[in-house]
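Structure, as structure tokens:
The values are calculated or read from the model by the stated rules, or taken from the named source; none is laboratory data. Keep in mind it's a predicted model, so treat the numbers as computed, not measured. Accessible surface is based on the protein model in full, side chains and every heavy atom, while ligands, DNA and RNA are left aside. Shrake-Rupley method; radii C 1.70, N 1.55, O 1.52, S 1.80 Å.
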Amino acid sequence: MLRLNRRNFVKNTSLITLSSCLSQSLIMKALANNPLKVYSVNVAKVTNNWNQMSEKANVPIDFYLKKGSSKEFLQLFSKVGGGQKLYDAITDNGGNQEDLLFESESIVTLDTSRIKNWKNLIPQYNEGNFAADTIRNKNGEIVAVPYISNADSLAYNKAKVGADIDSWDALFDSQFKGYASLQNEPGPTLSTTALYLKETGKQDIIDPSDLSKSELKGVCEFLIDKKKKGQFKTFWKNFGNGVDLLVSEQVLVSSCWEPIAVIASKKGADIHYGTMKEGHQTWNNVWMLTKGGKERGQEDNFYKLMDLYLSPWFGARTLSMLGFTPQMIGVHEYIKTNPSEFDKNKVEIIAQRLKNKAKRFAVKGNSWQNLYPQELVSYQNWWKKIQAA
């Protein structure tokens with residue numbers, strides 16, 4: 001007969017707890033051997049394929065290509081969307097998306113002490129600096145790891161234009177009628193147009209990234225008028241479309257991502273990426289760990305992958321290949337100490353690219369990307385009117 005006294009009770013309870021902890025530990029280790037399910041875009045890859053990224057990080061990866069709009073992304077990772085059950089690590093723009101994802105309990109706070117290269121992060125993300133909030137939730141807790149950023153500008157065909165361009169006015173100038181293009185997205189296109197109208201004194205605007213209803217009306221009516229007059233060749237729809245328009249010379253001036261200008265230039269067109277005196281739309285893209293990923297024991301794999309994304313190895317390559325801004329210090333030193341990876345011509349291109357970036361980031365009119373302005377419904381309604389014009 002079992003005598004249940006206090007000593008036996010404590011002893012038996014301790015054994016049960018220890019057994020449970022060991023079982024849980026073994027389960028988590030077993031789960032960690034499963035591939036990290038990554039939901040991202042291909043610009044996060046600086047190798048020929050994702051298997052090579054996996055090998056470099058020493059992390060098993062299953063890559064799933066991210067699709068759809070920011071709205072669809074948020075729906076997928078809402079409480080009822082199920083995204084955090086499907087994926088472990090996800091990427092999206094920082095700035096307010098991470099707040100909404102945290103509020104829906106789709107992502108978790110991060111332990112940066114487990115990211116060896118966190119010390120490499122550029123100071124713009126330190127508390128109080130201009131990009132600090134883009135990786136923190138509203139409580140100030142870190143929930144994201146930045147891996148690329150930029151200040152989007154204007155690409156132009158210098159051989160055809162005949163000079164350098166330093167103003168968004170080129171998009172709306174009649175001399176480029178039928179040869180101008182804008183992105184087919186309300187956020188960047190309306191922000192860029194608002195920057196131009198504000199800084200040139202053509203319209204009173206407080207915050208180009210968060211327009212009031214009356215400001216939005218003025219910006220959109222300006223674009224509709226220009227569109228009806230045939231100013232724009234088209235609104236480019238995706239990366240490949242943006243490149244093709246510049247390479248084919250159907251478009252001579254285009255608001256676009258820097259990699260579009262980089263690739264178009266590599267294809268033989270005389271494409272330059274300017275510094276606009278009115279300002280630029282600045283943004284970043286970040287990695288986040290889903291709640292499901294943590295529950296599935298993928299924290300170690302996630303933190304190991306983040307070490308790769310905060311390494312100068314990655315920063316040098318994303319800058320060299322696509323023109324994105326590195327998010328870590330030590331890139332110059334890495335390039336100098338690895339001459340076999342970067343020939344003299346490439347080193348010169350990288351140096352000039354960094355100088356140009358510094359100039360763009362220094363322009364006072366710059367505005368941070370805002371995926372969810374207060375008048376979001378009005379943005380959507382006005383964008384439909386622009387598309388229909």
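Rounded, prolate or oblate for segment 257-389? Axes are the square roots of the Cα gyration tensor eigenvalues, ordered a ≥ b ≥ c, and the cut-off for rounded is a/c under 1.5. Numbers along the way, then the final one.
Details: a/c = 2.15, a/b = 1.13, b/c = 1.90.
Judged from the Cα gyration tensor, segment 257-389 comes out oblate (a/c at least 1.5, b/c at or above a/b).
Report K160's accessible area, 1.4 Å probe, all protein chains in place, as a number in Å² to the nearest 10.
Its accessible surface works out to 120 Å², give or take rounding.
Taking a ≥ b ≥ c as the square roots of the Cα gyration tensor eigenvalues, with a/c under 1.5 meaning rounded and otherwise prolate when a/b beats b/c, else oblate, which class fits segment 141-297? Each step should come with its number before you reach the end.
Values: a/c = 2.12, a/b = 1.31, b/c = 1.61.
Because a/c hits 1.5 or more and a/b fails to exceed b/c, segment 141-297 counts as oblate.
Using the heavy atoms of the protein chains alone and a 1.4 angstrom probe, what is the accessible area of segment 240-372 per residue in square angstrom? Mind showing how you got there, number by number?
Numbers: 5200 Å² over 133 residues.
It amounts to 39 Å² per residue over segment 240-372.
For the full complex of protein chains and a 1.4 angstrom probe, list F239, F77 by accessible area with the highest value first. Mind showing how you got there, number by number?
Working: F239 65, F77 0 Å².
Result of the area sort, largest leading: F239, F77.
Which value, in Å² and to the nearest 10, is the accessible area of Y179 when all protein chains are kept and the probe is 1.4 Å?
Surface accessible to solvent at Y179 totals approximately 110 Å².
With every protein chain kept in the model, how would you rank K198, K66 by accessible area, 1.4 Å probe, largest at the top? Walk me through the intermediate numbers first.
Working: K198 70, K66 35 Å².
Result of the area sort, largest leading: K198, K66.
K213: which lysines have alpha carbons under 24 Å from its alpha carbon, excluding same-chain residues fewer than 8 sequence positions away?
Qualifying lysines at Cα under 24 Å: K71, K198, K202, K226, K227, K228, K384, K385.
To make sure I understand the rule: partners must be aspartates and glutamates, Cα under 18 Å from the Cα of K291, and not fewer than 8 residues away in the same chain. Which ones qualify?
K291 reaches D62, D88, D92, E98, D99, E103, E105, D111, E141, E299, D300.
Can you sort L86, L190 by solvent-accessible area, 1.4 Å probe, largest first? Don't skip to the end; give the middle numbers.
Working: L86 90, L190 0 Å².
In descending accessible area the options line up as L86, L190.
Carbon and sulfur together cover what percent of the accessible area of the chain at a 1.4 Å probe radius?
Details: 9590 of 18940 Å².
Carbon plus sulfur share of accessible area: 51 percent.
Would you mind computing Rg(Cα) / (2.2 N^0.38 Å) for the chain, counting N as its residues?
Details: Rg = 24.1 Å, N = 389, 2.2 N^0.38 = 21.2 Å.
Ratio of Cα Rg to 2.2 N^0.38 Å: 1.14.
Excluding ligands, DNA and RNA, what is the solvent-accessible area per residue of segment 79-229 at a probe of 1.4 Å, expressed in Å²?
Dividing the accessible area of segment 79-229 by its residue count gives 44 Å².
Please work out how much accessible surface E375 shows to a 1.4 Å probe, ignoring ligands, DNA and RNA, in Å² rounded to 10.
Roughly 60 Å² of E375 is accessible to a 1.4 Å probe.
So what's the back-of-envelope 222 nm ellipticity for the chain, counting only DSSP H runs of four-plus at -39500 (n - 2.57) apiece and dividing by all residues, rounded to 500?
On the way: 17 runs with 175 residues, N = 389.
So the helix-based figure for the chain works out to -13500 deg cm²/dmol.
Which angle from 0 to 90°, rounded to the nearest 10, does the C-alpha axis of helix 344-362 make with the longest principal axis of the chain?
80
Please report the spacing between the Cα centers of segment 218-267 and segment 315-344 in Å, no decimals.
29
Would you please report the Å³ per residue occupied by the convex hull of the alpha carbon atoms in segment 43-137? Intermediate results must be reported in sequence, preceding the final value.
Values: hull volume 12.3 nm³, N = 95.
It comes to 129 Å³ per residue, whole-number rounded.
Take the alpha carbon gyration tensor of segment 112-190, find the square roots of its eigenvalues, order them as a ≥ b ≥ c, and report rounded if a/c is under 1.5; if not, report prolate when a/b exceeds b/c, else oblate. Show your work: numbers first, answer last.
Values: a/c = 3.71, a/b = 2.61, b/c = 1.42.
Note, shape of segment 112-190 comes out prolate.
With an 8 Å Cα cut-off and a minimum separation of 6 or more residues, compute the relative contact order for the chain in percent.
Across the chain, relative contact order equals 25 percent.
So for segment 252-300, considering every pair of alpha-carbon atoms, how many percent are separated by more than 18 Å? If you can, show how the numbers build up before the last one.
Values: 645 of 1176 pairs.
Distances greater than 18 Å cover 55 percent of the Cα pairs.
In whole Å, how far is the Cα centre of segment 199-217 from that of segment 281-305?
36
Going through the cross-link list K45/K266; K294/K346; K119/K277; K66/K294; K37/K237, which pairs have a Cα-Cα distance over 30 Å in this structure?
Working: K45/K266 19 Å; K294/K346 40 Å; K119/K277 33 Å; K66/K294 20 Å; K37/K237 28 Å.
Long pairs (Cα-Cα over 30 Å): K294/K346; K119/K277.
If you take every DSSP beta bridge fully contained in the chain, what fraction is antiparallel? Give it as a percent rounded to 5.
On the way: 23 of 38 bridges.
Around 60 percent of the beta bridges assigned by DSSP in the chain are antiparallel ones.
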